[in-house]
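A quick write-up on the structure given underneath.
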Amino acid sequence: MRERYEAGATLASACSGAILLARTGLLKGCEGTSHWGYCDCLRREYPEVHWQPDKALVTAGVGQRLVMSGSGSSWHALGLFLIARFIGAREAMEVARMNLFDWDATSPLAYAAMMRTGQLADPVIARCQEWAAQHYDGEAPVAAMVRISGLQERTFQRRFAQATGLSPLDYVHTLRLEEAKQLLESCDLPVEAIAWEVGYQDAGFFGRLFRRKVGLTPAQYRRRFGVLARRLASVATPAAAVGAH
């Protein structure tokens, strides 16, 4: 791959293909993207690359000849890019119209399940994670986790970040926003009521945080995914519907 790139070739990756591209070393000091679920691991393995899970398409390197698409659903952005570069913009537009492709309309983070999985390396922090999963909507959940841990606050903060990759506050925000996404998909509560339901008394703050983390406003998210959730529910088999409950 390095030899072909040095000879002038364009290297392209989709989704987890960025792992192989990163191994070439060609991405050092450059932006990169992959499926949002891989980016935390990629940051640890290749910290010299500036990973951007919120971008559907990233180009880098000499002549922008390193081309990466992010989540699996972003492959069409990569395809359109390559058609435009090597054949022409008109042909790329014809492909987009024929297949109803929309270039990068929504951040991949809108599709992400933002909650990180639990970890077993630090049982004290794991116990706090279990507590947070049930009480994230309460007042001062971080202070409560400090008490549960029995650690000094600075020690708790450090160990929590080491174990989860997030600060305790960011972890709570992630839990709350994931629940908010579920509510926006499944019910008609006003956005202000959903903010209150997941633990935010300031609906304005909730809206700004949601947009920053998800890439859409709560109302935009509801329009895009609420309709999808209802359609999927309407075509689900009875067995699938029972299993979902």
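What to note about this one:
- For residue 23, neighbours were defined as the other residues whose beta-carbon sits under 12 Å from its Cβ, and their charges (Lys and Arg +1, Asp and Glu -1) total +1.
- Here the stretch 138-205 is treated as a sphere whose radius is the Kirkwood value from Cα pairs; by Stokes-Einstein at 4 °C and 1.567 mPa s it diffuses with a coefficient of 98 µm²/s.
- With all protein chains modelled, accessible area of residue 31 [1.4 Å, Å²]: 70
- Taking the empirical scaling 2.2 N^0.38 Å for compact globular proteins as reference, the stretch 1-100 has a Cα radius of gyration ratio of 1.07.
The values are calculated or read from the model by the stated rules, or taken from the named source; none is laboratory data. Remember, it's a predicted structure, so these values are computed and weren't measured experimentally. In this analysis, Cβ positions are derived from the backbone assuming ideal geometry, glycine residues included, and neighbour counts consider all displayed protein chains. Keep in mind that these areas ignore ligands, DNA and RNA; they rest on the heavy atoms of the full protein, side chains included. Shrake-Rupley method; radii C 1.70, N 1.55, O 1.52, S 1.80 Å.
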